[in-house]
Amino acid sequence: MVPSVRVLVRIIALLVLSRVAYAQPGEQIVVVISADAAFTSALDDALSPGGMDVISLGALATPSSTELTGRSRELADQQRANATVWLMPALAGATLVAYDRTVDRLLVRELPYGLPLAAPQAAEAARMIRTMLRALRLTNDSDVTPPPPIVPAGPPPPWLAASVGIGAWFAAPGNDSALAASFAIAYRPHGLGVALTGVLSPAADLMNVTFEGQVRDIVLGAEARKALQFAPDVYVTPAAGMTLHVIRLTGAYSGGEIASNRFDPALRVGVTAGYALPRGLDVGLTVSADCLLRRQKYVLASEEILVVPRLQIVTGLFVGLRL
């Protein structure tokens with residue numbers, strides 16, 4: 001065989017052998033996050049004799065100390081790697097981080113010199129990483145904690161909700177019961193929050209010997225709420241707060257006409273049971289009770305024409321939208 005052919009055969013054989021060696025099952029992959037080319041090259045030289053292949057991802061955003069383990073785990077899983085190495089700038093130099101996916105732990109060491117590294121510094125840092133990875137692998141099996149399971153993140157809790165409802169108003173001014181409409185705007189409806197509410201109903205007719213007219217009560221309120229979750233989509237929300245009853249009385253009597261507006265504060269307690277539907281919708285039932293702080297009595301020409309009950313209850317169904 002002529003010499004040139006022999007050389008070609010040897011080159012092909014070396015390529016085949018190197019390809020086979022690269023595919024050995026014992027090969028390990030180390031992900032490197034660093035913009036320092038000298039360090040990456042030195043690390044490849046330091047780890048390759050041990051069957052470790054270095055993959056450089058360049059410079060990535062540096063995570064916080066609490067996120068460093070999780071981010072290292074994520075990068076290792078993405079590249080199907082056994083370890084993750086960081087070289088990060090620090091105030092007084094640089095920081096080395098070695099993470100091993102098998103034990104799900106990391107080691108951190110500070111370097112006394114800043115970036116970029118000179119060739120001797122890069123070689124020293126690479127040898128330090130090799131030692132750190134070995135130290136992680138020597139962790140006792142009894143101390144190894146399996147990596148935490150990946151739990152899919154649920155949707156964030158809503159920060160605002162608006163609802164409208166229809167129901168009954170018991171002991172309403174001028175009526176034993178009346179149809180009532182309500183609305184509410186709640187901040188943090190699935191946690192500890194607050195809400196602005198309102199209730200109104202059609203005017204009630206008043207008629208007696210000396211007076212004929214109407215009375216209407218419009219209620220505005222503010223309350224604190226705490227949602228309690230009883231099932232994945234079921235919330236029961238107790239509430240307490242204050243309301244203001246705006247009572248307007250209009251009508252005519254033998255001596256003329258009357259138009260009176262009175263403002264009566266009240267204490268409120270209530271509870272809402274809601275079911276969270278897809279697409280941000282809520283449906284449920286609400287009940288609230290107001291205790292007026294002052295007793296409203298209307299007397300005209302020595303005749304009592306209206307007494308507003310101090311305890312009033314509103315209940316009804318509602319539909320809401322979460323934001």
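Things worth noting here:
- When GLU74 is tested against the conditions (1) at pLDDT 90 or above; (2) under 23 Å from the mean Cα position of the chain (by Cα); (3) under 23 Å from ALA122 (Cα atoms); (4) not β-branched (Val, Ile, Thr), the lone failure is (3).
- Filtering region 164-189 to residues that are among the small types (Gly, Ala, Ser) and farther than 15 Å from ALA222 by Cα leaves GLY165, GLY167, ALA168, ALA171, ALA172, GLY174, SER177, ALA178, ALA180, ALA181.
- Applying the condition of being outside any strand (DSSP E or B) and not basic (Lys, Arg) to region 188-198 and asking which residue is most open to solvent (accessible area, probe 1.4 Å) yields HIS190.
- Test for ARG268: is it more than 29 Å from the chain's Cα centre (by Cα), exposed (fewer than 15 other Cβ atoms within 10 Å of the Cβ), modelled with pLDDT of 85 or more and not hydroxyl-bearing (Ser, Thr, Tyr): no
- In region 295-323, the residues that are closer than 27 Å to ALA195 by Cα and charged (D, E, K, R) form Cβ pairs under 7 Å with partners that are at pLDDT 90 or above and surrounded by 19 or more Cβ atoms within 10 Å (Cβ to Cβ), at six or more places apart or across chains, as follows: ARG322/PRO158; ARG322/ALA161; ARG322/PRO189; ARG322/ASP282.
- The requirement of being at pLDDT below 90 and under 24 Å from the mean Cα position of the chain (by Cα) is fulfilled somewhere in region 279-299, by at least one residue.
- For PRO202: the one exception among (1) more than 17 Å from ALA168 (Cβ to Cβ); (2) surrounded by fewer than 19 Cβ atoms within 10 Å (Cβ to Cβ): (1)
- Residue that is modelled with the lowest pLDDT, among those in region 39-69 that are of a type in the set (Gly, Ala, Ser), in a helix (DSSP H, G or I) and open to solvent by 30 Å² or more (accessible area, probe 1.4 Å): GLY50
- Failed criterion for ILE247 (all others in (1) open to solvent by less than 20 Å² (accessible area, probe 1.4 Å); (2) at pLDDT below 90; (3) not polar (S, T, N, Q) hold): (2)
- Note on region 292-323: residues that are closer than 26 Å to THR250 by Cβ, assigned to a strand (DSSP E or B), open to solvent by less than 70 Å² (accessible area, probe 1.4 Å) and not aromatic (Phe, Trp, Tyr) total 11.
- Against the numbered list (1) among the charged types (D, E, K, R); (2) modelled with pLDDT of 90 or more; (3) over 14 Å from LEU136 (Cβ atoms); (4) open to solvent by less than 70 Å² (accessible area, probe 1.4 Å), ASP100 comes up short only at (3).
- Test: THR95 is without any contact (Cβ under 8 Å) to a residue 60 or more places away in the chain and assigned to a loop (DSSP other than H, G, I, E, B): no
- If the condition is being modelled with pLDDT of 85 or more and either open to solvent by less than 70 Å² (accessible area, probe 1.4 Å) or touching an Asp or Glu at 6+ places or on another chain (Cβ under 8 Å) (or both), then region 7-38 contributes GLN28, ILE29, VAL30, VAL31, VAL32, ILE33, SER34, ASP36, ALA38.
The values are calculated or read from the model by the stated rules, or taken from the named source; none is laboratory data. Quick caveat, the model's predicted, so the values are computed rather than measured. We place every Cβ from the backbone using ideal geometry, glycine too, and count neighbours over all the protein chains shown. Please note that ligands, DNA and RNA were not included when accessible areas were found on the heavy atoms of the full protein model with its side chains. Shrake-Rupley method; radii C 1.70, N 1.55, O 1.52, S 1.80 Å.
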